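Student: Just dropping this structure here.
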Amino acid sequence: MYDYEQHYAPTGDFYALIPPQRKDALSKATRDLMALEPPPSPSKHSLNHPPPPPPKRFRPTPPPQAQTASKSTLLSPSQKKANHIQSEQKRRANIRRGYEALCQTVPALREAIKQEEATISNESRGEVKRRRRSRQGGSGSEVSADGRAGPRSENVVLGKTIEYIHALVSEREALLTRLHHANSRLPTPLPPPPNALWERRWNGGDSRDDDESDESD
């Protein structure tokens, strides 16, 4: 590097004769010349070494959903058991809601449930327990696996639902048969009336028009 300050700085007695204000200006000019110095040319030593590597790019952190998805594959046995219990509870709740909907939809189940509720409200609690014990000790077919008895048991609900579906299918077939029979008795094609009532203009219900229409008929 070329030393401009050493080259341009005055020496000897001449520099001592310069006033202090001029000395400051001279020093400032020397520094300005040093700032305008061109960059040094690359030496042989710098050419032999490779350039420094570029700075590393910042990698954003994954969102929390991705982190939870990656962690979900590594569940502990207790977490797996808790998930299984929760899924089983949801499944049983859905089945229970389905049975309740069937009890409200099938007419035979609705009537049976109403009669059972009326009987329970009229009789004492001990009498109901005694009858249930005798019922369970007899056949045991009206008690389901989950403890529901009477018209709300699984066997009764499913059986009455199947009977109701068969009744609906039979009623639909009977209605279709009547429809086909009625269509076969109609003339083909059925001509429209020449002066249809729905084609006439409404005049406020005048009696004279009604009489004229009756005479024309």
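What follows is calculated from the coordinates using simple rules that are stated; it is not laboratory data. Small disclaimer: the values here were computed from a predicted structure and weren't measured.
Student: Between V106 and residues 5 or more places away or on another chain, which pairs have amide H atoms under 5 Å apart, with H built 1.01 Å from N, and which residues are they?
Tutor: HN-HN under 5 Å from V106: empty list.
Student: With θ set to phi - 60° and the Karplus curve 6.51 cos²θ - 1.76 cosθ + 1.60, what are the ³J(HN,Hα) couplings of the stretch 172-185 in order, to the nearest whole Hz, using x for Gly and Pro?
Tutor: Ordered by residue, 3J(HN,Hα) equals 5, 5, 5, 5, 5, 5, 5, 5, 5, 5, 5, 5, 6, 7 Hz.
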